[in-house]
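The values are calculated or read from the model by the stated rules, or taken from the named source; none is laboratory data. Remember, it's a predicted structure, so these values are computed and weren't measured experimentally. Backbone-built Cβ (ideal geometry, glycine too); neighbour counts: all protein chains shown. Ligands, DNA and RNA are stripped out before the accessible areas are found, and what is left, the full protein with its side chains, is counted by its heavy atoms. Shrake-Rupley method; radii C 1.70, N 1.55, O 1.52, S 1.80 Å.
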Amino acid sequence: MPKPRPVKLSWLIRTGRLSEFSPTALISEKLGIDWLMMFDEYVYGPGPGIVELLDLILRYVKPKSFLDLFGGSGALSKLASLRGARKITYIDLYPDAAILNLKGISGVEIIKGDAMDFSRFGIYDVVAADPPRELINRLLEEVDDLRKIFRKICLIWIGDVDELEERSTLLEGRRMLKIIRAWGDCFATLWKPGFGDIVKHIKDLMEYG
């Protein structure tokens, strides 16, 4: 299998591998993300659901610190920086694109490592996790441990709408947790006391406009 590598967004568009009108391309250009990671000809980039939902969370919560688990291209870390977070930790096994995209941004620490080892990275105001599909269930099984590493809100991608039912049993009976749907994807949104109304308002904005 070819080694994962960073590729330029402009090259992806020029060669027809990515449409300039695709959500990934438009979001990347808006955030100033010039590099994406390519895995065996498949390109990973920021999706509209998690970016829009996290943007609302950042605007309402105004966190000072942000933890980006499975950070990929670094788009979410870049967004957190633009929204005022001053301490940002990015974690991914393949940070090559993020190193290029986040170069020169103060307050950002890039860690090449296993994001499932999240408990050793400290406590943050807001945590976002965008795991690969094969790790979603494992991450959801550790929701109680995730609660220990954030002060305000934690956002977790849990797959598309068709996958929600199969994962709902992992979340049943959990307090201070809502599922929010955005752009065909579903997200588990956890919060600490005092932030429930914000999560409910954001869910209404995303799902009802």
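Of 209, 97, 122, whose Cα points farthest to the positive end of the dipole of the range 91-209 (charges on the beta-carbon: +1 Lys, Arg; -1 Asp, Glu; origin at the Cα centre)?
So the residue furthest toward the plus end is 122.
Quick check on my link table: of 103/148; 62/203; 78/203; 3/152; 3/62, which ones sit more than 27 Å apart, alpha carbon to alpha carbon?
Working: 103/148 30 Å; 62/203 17 Å; 78/203 23 Å; 3/152 37 Å; 3/62 38 Å.
Where the Cα-Cα span goes over 27 Å, the pairs concerned are 103/148; 3/152; 3/62.
Pull up the DSSP beta bridges for the chain and report the antiparallel fraction as a percent, rounded to 5.
Around 50 percent antiparallel, to the nearest 5.
The list (i) 38; (ii) 35; (iii) 51 gives values of percent of Cα pairs over 24 Å apart, and only one came from this structure; which label was calculated from it?
Computing percent of Cα pairs over 24 Å apart and matching it to (i) 38; (ii) 35; (iii) 51 gives (i).
Among DSSP bridges having both ends in the range 31-143, what percentage is antiparallel? Round to the nearest 5. All intermediate terms of the calculation are to be shown ahead of the outcome.
Details: 3 of 17 bridges.
In the range 31-143, approximately 20 percent of DSSP beta bridges are antiparallel ones.
Work out how much length residue 29 to residue 10 would gain on full extension: take 0.36 nm times their residue separation and subtract the Cα-Cα distance, in nm to one decimal.
Between residue 29 and residue 10, full extension yields an extra 5.9 nm.
Only four residue types carry charge here, +1 at the Cβ of Lys and Arg and -1 at the Cβ of Asp and Glu. Report the dipole size of the range 1-85 about the Cα centre in Debye, rounded to the nearest 20.
260
Count neighbours as other Cβ atoms within 10 Å of each site's Cβ, and list the GluC sites (Glu not before Pro) in the range 137-173 that are DSSP loop with at most 14 such neighbours.
Sparse-neighbourhood loop GluC sites (Glu not before Pro): 141, 142, 172.
Run the 1.4 Å probe and let me know the accessible area of residue 33, rounded to the nearest 10 Å².
0
Given 0.36 nm per residue, what is the gain on full extension from residue 208 to residue 19 after removing their alpha carbon distance, in nm?
Using 0.36 nm per residue and subtracting the Cα-Cα distance, I get 65.2 nm.
Measuring from a point 7 Å past the Cα of residue 143 along Cα-to-C-beta, which residues in the range 177-200 have an amide N at less than 19 Å?
Counting only backbone N, you get 177-182, 185-200.
At a 10 angstrom cut-off on C-beta neighbours, averaged per residue, how do the peptides 175-183, 200-208 rank from highest to lowest?
Per-residue mean Cβ counts within 10 Å order the peptides as 175-183, 200-208.
At a 1.4 Å probe radius, which order do 124, 42 fall into by accessible area, largest first?
Largest accessible area first, the residues go 42, 124.
Quantify, in whole percent, the carbon and sulfur part of the accessible surface of the chain (1.4 Å probe; protein heavy atoms only).
Details: 5320 of 10460 Å².
That fraction is 51 percent.
Only Lys, Arg, Asp and Glu count, each charged at its Cβ (+1, +1, -1, -1), so figure out the dipole size of the chain about its Cα centre, rounded to 20 debye.
1000
Which semi-axes, in whole Å and largest first, does the equivalent ellipsoid of the range 1-123 have when worked out from the alpha carbon gyration tensor as the square roots of 5 times its eigenvalues?
Ellipsoid half-lengths, sorted descending, are 24, 18, 12 Å.
Please state the shape class of the range 53-126: rounded when a/c is under 1.5, otherwise prolate if a/b exceeds b/c and oblate if not, all from the C-alpha gyration tensor. Walk me through the numbers on the way to the answer.
Details: a/c = 1.75, a/b = 1.27, b/c = 1.37.
It is oblate, given that a/c is not under 1.5 and a/b is not larger than b/c.
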